[in-house]
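Read the figures in this text as sums done on the coordinates, not as results from a lab. Since the model is a prediction, treat every value here as computed from it, not as a measurement. As a convention, Cβ positions derive from the backbone with ideal geometry for all residues, glycine included, and neighbour counts pool all protein chains shown.
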Amino acid sequence: MAKQLTADDARQSLTGHVEAKGVEIYLKYGPTLGWADLPRLLADRAYVRYPCEIVFDAAGLLPGEFAHPEPNGVQPEDGFTMRVHPIYQSQPDQVPALVLYQLVALNYGGFASSGDAETFGAAALGLTRDEYYDRLCALVDQLGGGEPALEAPDDGGCTCGGGGCG
């Protein structure tokens, strides 16, 4: 008799999958994934499921939010606009860290957790999850004056991009 899969099994499977995809990005795009590499990554359907373009525009961002993917239409295939806070436009080599975190939401929707986003971004940049978390939090701190930091999720993940780091 086959074992019944649980929600925890699915969560662990997704976490393993996003980590493996992050490692693949690291191996393909190198340890110095920067601004110049980002368009190639966003066009690579092996890692970004739907068309995506980056704009530096705070329209629609919540206070303290660094970026988020906004659908261009009703269907995911219509693509997304990754809105990145304009404060980061003068720091282009920091933008990949912000975008990688949000790509998990674009690729996997609401099932993905902040922990999955951290795992993916850290693996893609060749960092530990703690190093990546610290980097994101330092970037979010630049926004200042946003909402108070949200309570950290049960998985200890970062709530960066949604009101600060918890």
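Each of Tyr101, Tyr133 was scored by other Cβ atoms within 10 Å of its Cβ. Arranged with the fewest first, they read Tyr133, Tyr101. With a cut-off of 13 Å between beta carbons, the residues surrounding Asp78 carry a summed charge of -2, where Lys and Arg count +1 and Asp and Glu -1.
Counting 0.36 nm for each residue step from Gln4 to Asp57 and taking away their Cα separation leaves a gain of 14.5 nm. Residues Phe56, Phe80, Phe66, Phe111 in ascending order of nearby Cβ atoms (within 10 Å, fewest first): Phe111, Phe56, Phe80, Phe66.
Each peptide in 16-24, 91-99 was scored by the mean count of other Cβ atoms within 10 Å over its residues; highest first, the order is 91-99, 16-24. Oblate is the label for the range 20-109, because the ratio a/c of its alpha-carbon gyration tensor axes (a ≥ b ≥ c) is 1.5 or higher and a/b is not greater than b/c. Calculated FRET efficiency, Ala46 to Thr128, Cβ-Cβ distance, R0 = 30 Å: about 0.80 to the nearest 0.05. For the range 12-141, the dipole from Cβ point charges (+1 on Lys and Arg, -1 on Asp and Glu) about the Cα centre works out to 260 debye, to the nearest 20.
The range 99-126 and the range 52-71 have Cα centres lying 16 Å from one another.
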